[in-house]
Amino acid sequence: MADIFDFPQGVRDVAYDDDKGPCMDDDARHSTLFRPHGVPDRVWDAVLSVERMPRLQGMAYHEIPVPNSMANFGIGVELECDDGCPSGWIMVLYSLKFQEDWHSHWRCVAFASLPMPEKESKRMEPGMYWESMMRFLDPDDSEHVSGTVTVAHNTAFGHDPDAPMAGCEVRVSWTPLDYADGGLDAGSQVGRWAAFLRSMTQSEEDVSVDR
């Protein structure tokens, strides 16, 4: 879950005993991930926080590559509800150099595709989608939020009755607030985006979590 992409791959340094085999530390025992060489502790801790985070029932999580042009390191997670709708992804980026436009070394970039019934699209304006999303970004844990909401109305031709008649796309980025040592609970950022996607198909009180 949530491998790091687009920089030199390595393996976790593991001592080996001729009689007992690999001698793993606590992190290795609880993780199936292998730490590439050169990955800072704060980035690796962020990766582990995503691996260990609670999962929402009815939501599939898949690792995706992060373009190395965006940052020095990145964690990419694709999210999809059981019925395929809604879906989206989130990337948690880390730059070795402090980025003035991020106001941080860290930045989250996310996307959501939210096909909606035609009657729903007539009722909800772009600002309402944005407000719904903002409810899931903790103001005490995220800042400098910016993005766009696009609502599209489709006209189906031929024999495709299941084609969505309307949909919404949300593109957003924000700066997550890190710890005093510069680390980050990236798992909580991914979890909030998953909760937002899931909230678009059911009420919040119906959302349950696998731990």
Could you work out the local net charge near ASP138, counting Lys and Arg as +1, Asp and Glu as -1, over the other residues with Cβ closer than 13 Å to its Cβ? -2
If you project the alpha carbons of the stretch 52-114 onto the principal axes, what extent comes out on each, in Å, largest first? 40, 26, 19
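Read-outs throughout are calculated quantities, based only on the coordinates presented, and are distinct from any laboratory measurement. From a predicted model like this one, the values you see are computed outputs, not experimental measurements. Here the Cβ is made from the backbone with ideal geometry for all residues, glycine too, and neighbour counts use every protein chain on show.
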